[in-house]
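Engineer: Dumping the structure here so I can ask a few things about it.
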Amino acid sequence: MAYKVISTRIPEVMLLQPQVHGDNRGFFLESFNQRDFEAATGVKTQFVQDNHSKSLKGVMRGLHFQTQHAQGKLVRVTAGTVFDVAVDIRPESSTFGQWTGHTLSAENFLQLWIPPGFAHGFLVLSEHAEFQYKTTDYYAPAFEKTLYWKDPEVAIDWPDVGPVLLADKDKEERALKLRDLAIR
């Protein structure tokens, strides 16, 4: 099997450790294999979009979600290090409002599966980071929302990296009043 699954505090969110083959020349890994992903996770899905971002230290991206066309994401870091977070925003879920966070880096090769129904974001810990992810639905800006990254009810324990750099849409404080939203 190409992936080892590592449990998180929210069962549907899974850390995946791919097999890495390395020697004195470098390394090789299969970054994604549909058959092995389904066998390891039990998740049968189709990815429709790949995204790649580069960010500087202290950049916070998120916590983003879509109220319609909710996206599942398979995320990984190909340069640098980030602290990656998923927040359960499914009103009917027993883990609603809970979060799980993990350090992903180019060195540890870990990937994080975040199913639809979660707000997602990351904080760059290294001088820069390149972040790549697959999504199960297309980006739909009309339905994009942002959960405030310092929401006191969610209380994410973010690492201290000094000043945090935010996009304007991520600066607005939004409390966790998501039970009224229809996540589809």
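Readers should treat all values here as calculations from the given coordinates under stated rules, not as data from a laboratory. Keep in mind it's a predicted model, so treat the numbers as computed, not measured. Note: ideal-geometry Cβ built from the backbone for every residue, glycine included; neighbour counts use all protein chains shown.
Engineer: Just to be sure I understand: with springs between alpha-carbon atoms less than 10 Å apart, which residue in 65, 109, 118 has the highest mean-square fluctuation in the Gaussian network model of the chain?
Structural biologist: Fluctuation is largest for 109.
Engineer: Ok, one more. Given the Cα-Cα distance of residue 153 and residue 23 and 0.36 nm per residue of separation, how much length would full extension add, in nm?
Structural biologist: The residue 153-residue 23 span can extend by a further 42.2 nm.
Engineer: Among 76, 35, 25, whose mean-square fluctuation peaks in a Gaussian network model of the chain (Cα, cutoff 10 Å)?
Structural biologist: Its mean-square fluctuation being the largest, the pick is 25.
Engineer: Another question, then. Just how large is the dipole of segment 48-180 about the Cα centre, in debye to the nearest 20, putting +1 at every Lys and Arg Cβ and -1 at every Asp and Glu Cβ?
Structural biologist: 180
Engineer: If you don't mind, there's one more thing I want to ask. Stretch residue 160-residue 33 to full length: gain in nm at 0.36 nm per residue minus the Cα-Cα span?
Structural biologist: Contour length minus the Cα-Cα distance gives 42.2 nm.
Engineer: So, one more: Given the options 80, 62, 162, which has the most mean-square fluctuation in a GNM of the chain, springs set between C-alpha atoms less than 10 angstrom apart?
Structural biologist: Result for the chain, Cα springs under 10 Å: 162 fluctuates most.
Engineer: Summing +1 for each Lys or Arg and -1 for each Asp or Glu, what net charge is found among the other residues whose Cβ lies under 11 Å from the Cβ of residue 125?
Structural biologist: In short, -2.
Engineer: Taking every DSSP beta bridge that has both residues in the chain, what percent is antiparallel when rounded to the nearest 5?
Structural biologist: Counting DSSP beta bridges with both partners in the chain, the antiparallel share is about 95 percent.
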